[in-house]
Amino acid sequence: MLTLLRIGWMNLKRDRVAQALTFLLPILFFSIFASVFGGRGGDSTPRVSVAVADEDRSEFSGRVIAALQKEKALRLRVDGDNGSVLDRAAAEGLVRNGDVPVAIVIPKGIGESFGQLGFSSSGPPIQMLADPSDPIAPQMVQGLLQKVVMTAAPDLVMQGGMKQFEKHAGALTPEQRKAVDEWIPTLKADAGGTTGGGGTAGSGGMGIAVTVVDVMRNDDRKGSLISFYAAGIGVMFLLFSSVGGAGGALLEEAESGTLERLLSTNIGMTGVLIGKWLFLSLIGFAQLTVMFLWGRVAFGLPLFSHIPGFVVMTVVTAAAAAALGLVLASLARTRAQLSGFSTILILTMSALGGSMFPRFLMSETMQKMGLLTFNGWALDGYLKVFWRNAAVWELWPQVLVLSVLGAAFLGIARLLGRRWELA
């Protein structure tokens, strides 16, 4: 028994991949999931980008915007791409394009109405333009908006409240009026210094009226969400199948001597790799197509209304995945080694890139790390196609990155493949 234990320890000591699977991968996954789901409060909460269109230009709206800019949980945007002040149309465009998940529109006349009526619901409501693909951001921004209205303009709250009191309960006495007039400047001086919470989200109770508008106006939101899950799972398993196919195509042929015979012909190593890449790309395209067709048949995924964008994204995604599979197969010495480190790489990329859970749940740092992964760019492209109804030409950033990655992977695989030529 001691001999068996010693042999097992020696085998594990020599196998770096087994060590990584045993000790590194669980810690890595624990760290990712703990960062996403275990640290949602405090400094770990991701900042939300918010566009603000101020149509009122009043003292009240200026104070609200200034208070929102001080919130650490928000990253405010008040200017357009050309430096112009945002209006409602420009703010809605930012939400629809995915630049920000939420935009706040402060309507004209709300400052005057607030000063006269306070929190009365008869005034024009603030509009919140939301992208429902991120359900957390609108709720968070709405709560902070209620808070800053209470803390940024307490003097205006008091003025409106006193006017409503006098309207329904009678005029103040001169002494009462003097006391109120002396107190209001003190409230104004202290505005924005309070850090406590204000009213609750929504238009009921104590709080300013807020109307949430779904700017995506997606008639088939459920189907569009299904497409996100289909893309996330499909891309992850595409990587596994590409690595498995590439390993069978290269490592097994090298072990059986088939690769040596191929290299002795005129096709050469470059031709072998291109042929394998084309085959794996076609299989990957078919794999994703079957996945989305099943989503269409079983869950109502809106595939046929997005065929052009789907075809473009699937072609570049399958091609880049096939090239990555060839790199990993060329790097490995055995099938066991390939299976080990490819599992670590693919699962890590899938977790960071959004295949396992949406990236908006992650911290800012992790969201940026997700853009370093293959999955992140592929999923962003599919999200544009099925959720934002983007035209084909609007997919150029994702297509460009995935194409460059595919070309780079092919070049690396060719360099690594020289070991078979020199053997």
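The values are calculated or read from the model by the stated rules, or taken from the named source; none is laboratory data. Quick caveat: nothing in here was measured; it's all calculated off a predicted structure. Here Cβ is always computed from backbone atoms with ideal geometry, including for glycine, and neighbour counts include all displayed protein chains. All accessible areas refer to the heavy atoms of the entire protein, side chains included, with ligands and DNA or RNA removed. Shrake-Rupley method; radii C 1.70, N 1.55, O 1.52, S 1.80 Å.
Residues that are touching a residue at least 40 places away in the same chain (Cβ under 8 Å), open to solvent by 20 Å² or more (accessible area, probe 1.4 Å) and closer than 25 Å to residue 403 by Cβ are absent from region 246-267 altogether. When we screen 330, 355 for residues that are in a helix (DSSP H, G or I) and not acidic (Asp, Glu), the only hit is 330.
For the structure I just gave you, tell me whether residue 49 is modelled with pLDDT of 80 or more, part of a strand (DSSP E or B) and either open to solvent by 70 Å² or more (accessible area, probe 1.4 Å) or not aliphatic (A, V, I, L, M) (or both). Here the answer is yes, as residue 49 does meet what is asked. The residues listed here are 241, 224; of these, the one that is modelled with pLDDT under 85 and either assigned to a helix (DSSP H, G or I) or among the hydroxyl-bearing types (Ser, Thr, Tyr) (or both) is 224. Would you mention how many residues in region 302-314 are buried (at least 18 other Cβ atoms within 10 Å of the Cβ) and either modelled with pLDDT of 90 or more or touching a Leu at 6+ places or on another chain (Cβ under 8 Å) (or both)? The number of residues fulfilling the criteria is 7.
For region 123-138, the set of residues classified as of a type in the set (S, T, N, Q) and under 9 Å from residue 103 (Cα atoms) consists of 127 only.
Taking the criterion of being open to solvent by 20 Å² or more (accessible area, probe 1.4 Å), in contact (Cβ under 8 Å) with a residue 40 or more places away in the chain and either of a type in the set (Gly, Ala, Ser) or more than 15 Å from residue 126 (Cβ to Cβ) (or both), the residues of region 73-113 that qualify are 73, 96, 97, 98, 99, 101, 109.
Only one of the listed residues (213, 272, 235) is at pLDDT 65 or above, within 42 Å of the chain's Cα centre (by Cα) and farther than 30 Å from residue 300 by Cα. That residue is 272.
Of the residues making up region 244-282, just one is assigned to a helix (DSSP H, G or I) and on the phi > 0 side of the Ramachandran plot, namely 268. Restricting 389, 375 to residues that are modelled with pLDDT of 90 or more and out of contact with any strand residue (DSSP E or B) (no Cβ under 9 Å at 6 or more places or on another chain) narrows the list to 375.
Answer yes if at least one residue in region 321-333 is farther than 17 Å from residue 251 by Cβ, buried (at least 16 other Cβ atoms within 10 Å of the Cβ) and β-branched (Val, Ile, Thr), and no otherwise. No, region 321-333 contains no residue that is farther than 17 Å from residue 251 by Cβ, buried (at least 16 other Cβ atoms within 10 Å of the Cβ) and β-branched (Val, Ile, Thr). Scanning region 277-290 for residues that are under 25 Å from the mean Cα position of the chain (by Cα) and either among the polar types (S, T, N, Q) or open to solvent by 60 Å² or more (accessible area, probe 1.4 Å) (or both) yields 285, 287, 289.
Checked against the criteria, residue 407 counts as touching a residue at least 12 places away in the same chain (Cβ under 8 Å), surrounded by fewer than 16 Cβ atoms within 10 Å (Cβ to Cβ), in a helix (DSSP H, G or I) and of a type in the set (Gly, Ala, Ser).
Scanning region 23-37 for residues that are open to solvent by less than 70 Å² (accessible area, probe 1.4 Å) and either in contact with a helix residue (DSSP H, G or I) (Cβ under 9 Å, 6 or more places away or on another chain) or modelled with pLDDT under 70 (or both) gives 25, 28, 29, 32, 35, 36. Every condition in (1) open to solvent by less than 50 Å² (accessible area, probe 1.4 Å); (2) modelled with pLDDT under 95; (3) not in a loop (DSSP other than H, G, I, E, B) holds for residue 401 except the one numbered (2).
Quick grid of which residues meet (1) within 15 Å of residue 402 (Cβ to Cβ); (2) not β-branched (Val, Ile, Thr):
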site	(1), (2)
281	yes, yes
289	no, no
301	no, yes
311	yes, no
317	yes, no
320	yes, yes
324	yes, yes
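What about residue 350, is it closer than 27 Å to residue 226 by Cβ and either of a type in the set (Ser, Thr, Tyr) or open to solvent by 20 Å² or more (accessible area, probe 1.4 Å) (or both)? Yes, satisfied.
Restricting to region 360-375, name every residue that is without any contact (Cβ under 8 Å) to a residue 40 or more places away in the chain and open to solvent by 40 Å² or more (accessible area, probe 1.4 Å).
Quick first cut of region 360-375, residues without any contact (Cβ under 8 Å) to a residue 40 or more places away in the chain only: 365, 368-373.
If the condition is that a residue be without any contact (Cβ under 8 Å) to a residue 40 or more places away in the chain and open to solvent by 40 Å² or more (accessible area, probe 1.4 Å), then 365, 368, 369, 371, 372 are the ones that fit.
Among the candidates 422, 416, the residue that is in contact with a helix residue (DSSP H, G or I) (Cβ under 7 Å, 6 or more places away or on another chain), open to solvent by 10 Å² or more (accessible area, probe 1.4 Å) and over 17 Å from residue 230 (Cβ atoms) is uniquely 416.
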